[in-house]
Amino acid sequence: SIPLGYFGGIGAASKNGILFKGSNFLDSIAQISQVVMDKTGTMTEGVFDVQEVHLQPEFLESRILDFANALESKSTHPIATAIKKHVGEIDSSIALENVEEIAGHGLKAQVEGKELLVGNFKLMDKYSIPYSIDPSGIVYTLVAIAYEGKFAGYLTIADRIKADALLTIAQLKSMGVGITMLSGDKSNVVNFVANKLGIPNSFGDLLPEDKVNKVKEIKAQKGTVAFIGDGVNDAPVVAISDVGIAMGGLGSDATIETADVVIQDDKPSKIPMAISIGKKTKRIVW
Ligand code: ADP
Ligand code: MG
């Protein structure tokens with residue numbers, strides 16, 4: 001039979017919007033030594049706004065932003081929402097062919113028979129598009145556009161750090177757990193956010209499989225891992241962590257399904273709360 005204390009623990013958690021999918025995860029989270037987290041949508045709102053548009057002179061008068069908007073309408077990435085908000089209604093007369101979403105990079109298609117690329121500068125590099133700016137010098141997420149093999153320009157977009165993110169990190173530190181941030185976003189943006197929050201370890205430019213490998217490495221070197229993420233790209237890493245935690249509000253269905261624990265209101269401060277409920281439950285049970 002399940003000891004009474006577990007019901008108390010699961011109940012206390014659920015009253016706070018933390019769903020444990022089994023009482024065993026109360027035990028595992030109580031003993032966790034490392035907390036590893038995604039950035040976008042986990043520690044930040046995951047809602048981007050376009051800040052600046054930098055187009056090359058020969059593209060200033062063109063319909064390039066309409067093309068980019070049309071292509072982004074095929075994606076569910078938060079970046080797509082930001083572009084739609086900025087550019088406006090999608091021009092349905094723009095014919096897109098061979099639309100491809102390239103994981104960790106962006107999108108590719110043919111528009112009026114010519115190749116259109118919308119994504120990060122890794123995407124530009126992948127298709128050998130020459131450009132003359134240094135993306136690593138800009139502390140914003142960037143969306144680059146290329147048309148017909150030519151660099152057309154880029155947009156800077158920004159996200160906001162969640163209100164309780166700083167408190168979350170302070171609480172985790174006082175519990176003595178190690179903290180690491182992993183993200184698919186540009187390294188300098190990831191390091192900037194980590195720095196602001198006081199997260200000692202951070203890695204960017206990671207593909208979903210790179211996140212999995214990093215967590216495996218942390219498990220091997222430092223101990224048990226609780227991973228918290230929200231995106232589809234976080235489902236594999238949530239699955240292999242000792243305790244996989246999903247943001248349940250704006251999080252993707254696949255990640256919520258795979259997780260052991262779901263935070264319904266997307267507040268990161270529920271992570272230290274879940275750990276302390278786990279610890280209290282253990283004290284009552286044993
Ligand atoms: P994350 O959501 O953590 O940034 P992803 O793997 O979803 O991770 O994406 C990694 C990067 O790939 C994004 O930060 C962005 O630069 C680029 N990217 C992905 N999808 C798109 C898209 N639809 N439009 C533009 N860029 C994209
Ligand atoms: Mg995310």
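Sorted by mean Cβ packing within 10 Å, highest first, what order do the peptides 159-168, 272-281, 243-252 take? Provide the component values of the computation, followed by the final result.
Values: 159-168: 17.3, 272-281: 20.7, 243-252: 23.7.
Highest to lowest by the protection proxy: 243-252, 272-281, 159-168.
Simple spin-label estimate for K216 and I284 gives 3.9 nm between the two label positions (7 Å along the Cα-to-Cβ direction from each Cα). Split the chain at each of the GluC sites (Glu not before Pro) in a DSSP loop with at most 14 other beta carbon atoms within 10 Å, and the longest piece is 149-286.
Applying the Karplus relation 6.51 cos²θ - 1.76 cosθ + 1.60 with θ = phi - 60° to the stretch 194-201 yields 3J(HN,Hα) values of 4, 4, 4, 8, x, 7, x, 10 Hz, where x marks Gly and Pro. I'd like the FRET efficiency for D164 and S136, computed as 1/(1 + (r/R0)^6) with the beta carbon distance as r and R0 of 51 Å, rounded to 0.05. The pair D164/S136 has a calculated efficiency of 0.95.
Within the stretch 49-158, how many Lys pairs sit with Cα atoms under 19 Å apart, leaving out pairs fewer than 8 places apart on the same chain? Taking the Cα cut-off of 19 Å, the pair count is 12.
Which net charge results when you count Lys and Arg as +1 and Asp and Glu as -1 among the other residues whose beta-carbon is under 10 Å from that of V261? Spell out each step's value before the answer.
On the way: positive: K21, K270; negative: D260.
Charge balance in the 10 Å sphere: +1.
Our coupling estimate for the stretch 94-99, obtained by passing each phi through the Karplus curve with A = 6.51, B = -1.76, C = 1.60 and θ = phi - 60°, is 6, 8, 9, 10, 6, 5 Hz, Gly and Pro reported as x. Two decimals is fine: what is log10 I(q)/I(0) at q = 0.09, 0.15, 0.18, 0.19 Å⁻¹ for the stretch 49-158, from a Debye sum with one equal scatterer on every Cα and no solvent? Computed log10 I(q)/I(0) values: -0.19, -0.55, -0.83, -0.94. Rounded to whole numbers, the Karplus 3J(HN,Hα) couplings from phi for the stretch 48-59 are 8, 10, 5, 9, 9, 10, 10, 9, 5, x, 6, 10 Hz, using 6.51 cos²θ - 1.76 cosθ + 1.60 with θ = phi - 60°, and x at Gly and Pro. Excluding same-chain neighbours fewer than eight residues apart, the aspartates and glutamates reachable from K162 by a Cα-Cα span under 18 Å are D38, E45, D49, D185, D230, D265, D266.
Per the Kirkwood treatment, what hydrodynamic radius in Å, one decimal, follows for the chain from the mean inverse distance over all distinct Cα pairs? Please report the intermediate quantities before stating the final value.
Numbers: mean 1/r = 0.0499 Å⁻¹.
That comes to 20.1 Å for the chain.
Bear in mind that the values in this text are calculations on the coordinates, not laboratory data. Remember, predicted model here, so these are calculated numbers, not experimental data. Ideal geometry is used to build each Cβ from the backbone, glycine not excepted, and the neighbour counts take in all protein chains shown.
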